[in-house]
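Questions regarding the structure given below will be posed in turn.
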Amino acid sequence: MVFTNKTKSVKLIAAIQKQKEVSKRMFSKLSIPLDIPDVQVIDIKTNKRGDYVITVESTLDSTSCHQCGREISKYHSHDRAITLRHLPILGHQVYIRLRPKRYECGFCSSKKHRKISTQQLSWYSPKSPHTKAYEAQVLLQLVNSTIQDVAIKENLGYEAVVGIVNRYVSTQVDWFELDRLEVVGLDEIALKKGHRDYVVIVTARLKDGQVKVLAILPNREKETVKAFLARIPTRLQRTIHTVCTDMWKAYINAVKEVLSETVVVVDRFHVAKKYRDCADKLRKQELKRLKTELSADQYNTIKGTMWPFRKNKVDLKPQEALLLDRLFDYAPSLKLAYHFREKLTAIFHNDLTKTLATQAIKDWRQEVQTCQLTCFDPFLTTLDTYLDEITNYFLHRHSSGFVEGLNNKIKVLKRRCYGLFNLDHLFQRLFLDLEGYALFT
Ligand SMILES: [Zn+2]
């Protein structure tokens with residue numbers, strides 16, 4: 001095998017004694033760029049496990065003094081060897097061995113005390129046992145994966161992988177990286193199933209469609225949200241034109257108090273979930289009733305109606321439509337609930353102005369209230385409370401669909417990283433899932 005570095009091909013045939021049978025074949029030697037700047041290869045060995053240990057030497061003849069910062073080139077000595085894990089070659093682990101050069105500063109040294117600085121090369125960080133290239137590869141593998149999983153695959157300790165994450169991924173958003181925020185989403189997730197331990201995910205959808213996690217807040221209290229919004233630099237606050245939230249007074253009030261110019265939109269998907277749940281609740285009640293009232297044979301003809309009922313009318317297959325019709329024959333109130341559910345969805349689909357949409361929703365409300373149905377009653381209360389924020393959707397048709405997509409990512413992340421309750425870690429992992437491919441490929 002022949003390794004070369006970027007500047008100069010240094011041919012060294014080694015590391016293949018152990019694979020003599022292979023080396024007899026054609027193409028057994030390859031030339032691989034080491035892709036590490038400012039070094040030359042001086043030796044290659046394999047260890048017992050078959051790992052490659054490549055000894056390199058710096059080709060740079062100076063460093064900066066750690067005391068005065070001046071460039072110094074008076075050679076002093078070589079430091080003890082460091083061994084850094086690098087990118088694998090053909091399935092074998094690779095280690096780079098280097099004895100860093102040390103230089104004496106003529107400006108800072110006195111007769112008694114000589115000031116010695118160790119040369120630092122660009123492809124590794126002090127204190128890290130890996131090259132930067134290798135760490136980038138580990139980070140890439142962490143996208144949509146778990147620390148445990150990557151640790152096993154890479155034969156690294158759990159803490160070593162955590163160390164890599166901590167070296168590269170901040171636990172907070174870097175405001176300097178952002179020019180504009182545009183649409184901000186406030187959404188909550190329950191960290192434990194069935195618990196009311198909510199954390200708030202604050203995101204921004206940038207102009208190019210990119211989604212950024214801005215913060216993960218420990219609870220959904222107004223003061224918490226307000227304090228975070230107030231921390232956003234003023235120049236960025238001014239660029240937020242819309243905030244999409246769930247129906248939660250604390251969010252809405254926090255936004256209104258800190259970002260008075262911003263339009264608050266109650267997300268249409270949350271609205272939809274609310275009125276769809278009302279219809280679904282009635283479906284359950286009605287099926288329970290029918291199970292006792294119908295004969296077993298009759299009841300069998302309306303089995304499997306849950307998914308068709310949840311579908312929108314346009315998405316129904318002919319068989320599903322027939323099934324639903326049978327169900328509606330037995331349960332007319334359910335037919336009515338389905339009709340109202342679809343009617344309201346249609347309003348959100350239509351290209352209406354805020355004024356027209358408000359009127360349409362008010363008309364819908366009136367119709368629902370005057371019919372016999374009571375299943376939508378909780379939703380009617382919601383409408384009364386949030387009608388303005390709900391119909392703000394029609395101003396620019398912003399929804400936190402992007403937040404919903406993100407929520408799915410978080411759900412998967414939670415499943416993957418069982419017990420990931422540390423908000424800093426959650427932020428880092430979410431950041432990696434969202435931006436890891438772009439940053440580390
Ligand atoms: Zn100095």
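Each value in this text was obtained by applying a stated rule to the coordinates, not by laboratory testing. It should be emphasised that the depicted structure is a prediction, and the values quoted were computed from it without experimental measurement. All Cβ positions, glycine included, derive from the backbone under ideal geometry; neighbour counts span all protein chains shown.
To the nearest 0.05, what FRET efficiency results for ASP43 and VAL162 with a Förster distance of 25 Å applied to their C-beta separation?
Working from the Cβ atoms, E equals 0.15.
Can you work out the FRET efficiency for the pair TYR299 and ASP377, with r the C-beta to C-beta distance and R0 = 25 Å, to the nearest 0.05?
Efficiency computed from Cβ-Cβ geometry: 0.35.
Right, another one. Restricting to the stretch 144-246, what percent of DSSP beta bridges are antiparallel, rounded to 5?
Taking every DSSP beta bridge with both residues in the stretch 144-246, the antiparallel ones total about 80 percent.
Using a 7 Å offset from the Cα along the Cα-to-Cβ direction at both THR83 and MET306, what is the distance between the two label points in nm, to one decimal?
In this crude spin-label approximation the distance works out to 5.7 nm.
Here's something else I'd like to know. Out of all Cα-Cα pairs in the stretch 129-168, roughly what percent, to the nearest whole number, are more than 11 Å apart?
Result for the distance tail: 58 percent.
Rounded to whole Å and sorted largest first, list the principal axis extents of the Cα atoms in the chain.
Here the spans come out as 96, 58, 36 Å, largest first.
For the pairs LYS354/LYS411; LYS291/LYS343; LYS256/LYS354, flag any whose C-alpha to C-alpha distance is greater than 26 Å.
Too far apart for the 26 Å limit: LYS354/LYS411; LYS291/LYS343.
What FRET efficiency comes out for GLN359 versus ARG397 if R0 is 22 angstrom and r is the Cβ-Cβ distance? Round to the nearest 0.05.
With a Förster radius of 22 Å, E is 0.80.
Shifting gears a bit: Quick one: length gained pulling LEU30 to HIS339 fully straight, 0.36 nm per residue minus the C-alpha distance?
Result for the pair: 104.3 nm of gain on full extension.
To the nearest 20 debye, what charge dipole does the stretch 269-396 have about its Cα centre, counting +1 at the Cβ of each Lys and Arg and -1 at the Cβ of each Asp and Glu?
380 debye
Name the residue farthest towards the positive end of the dipole of the chain from the options THR118, THR146, THR292, assuming +1 on Cβ of Lys and Arg, -1 on Cβ of Asp and Glu, about the Cα centre.
The residue sitting most towards the positive pole is THR118.
Points 7 angstrom from Cα along the Cβ direction at ASN253 and LEU316: gap in nanometres?
So the two model labels end up 4.3 nm from each other.
Sequence-distant or interchain residues sharing an amide H contact under 5 Å with LEU294, placed H: which?
When sequence neighbours closer than 5 places are left aside, there are no close amide H contacts.
Looking at the chain, send over the antiparallel percent of its DSSP beta bridges, to the nearest 5.
Percent antiparallel among DSSP bridges in the chain is about 70.
Ratio to report: Rg/Rh of the stretch 67-124, with Cα atoms as the point set and Rh obtained by the Kirkwood method; give two decimals.
Over the Cα atoms of the stretch 67-124, Rg/Rh equals 1.16.
I need to check one value: relative contact order of the stretch 145-246, counting alpha carbon pairs closer than 8 Å and at least 6 residues apart, in percent.
That works out to 26 percent.
From largest to smallest, what semi-axes in whole angstrom does the stretch 300-441 give when each is the square root of 5 times an eigenvalue of its alpha carbon gyration tensor?
36, 24, 15
Now, a different point. Å³ per residue of the Cα convex hull, for the stretch 53-166?
121 Å³
Under the 0.36 nm per residue contour assumption, what length would be gained going from the current alpha-carbon distance of TRP175 and ARG416 to full extension?
83.9 nm
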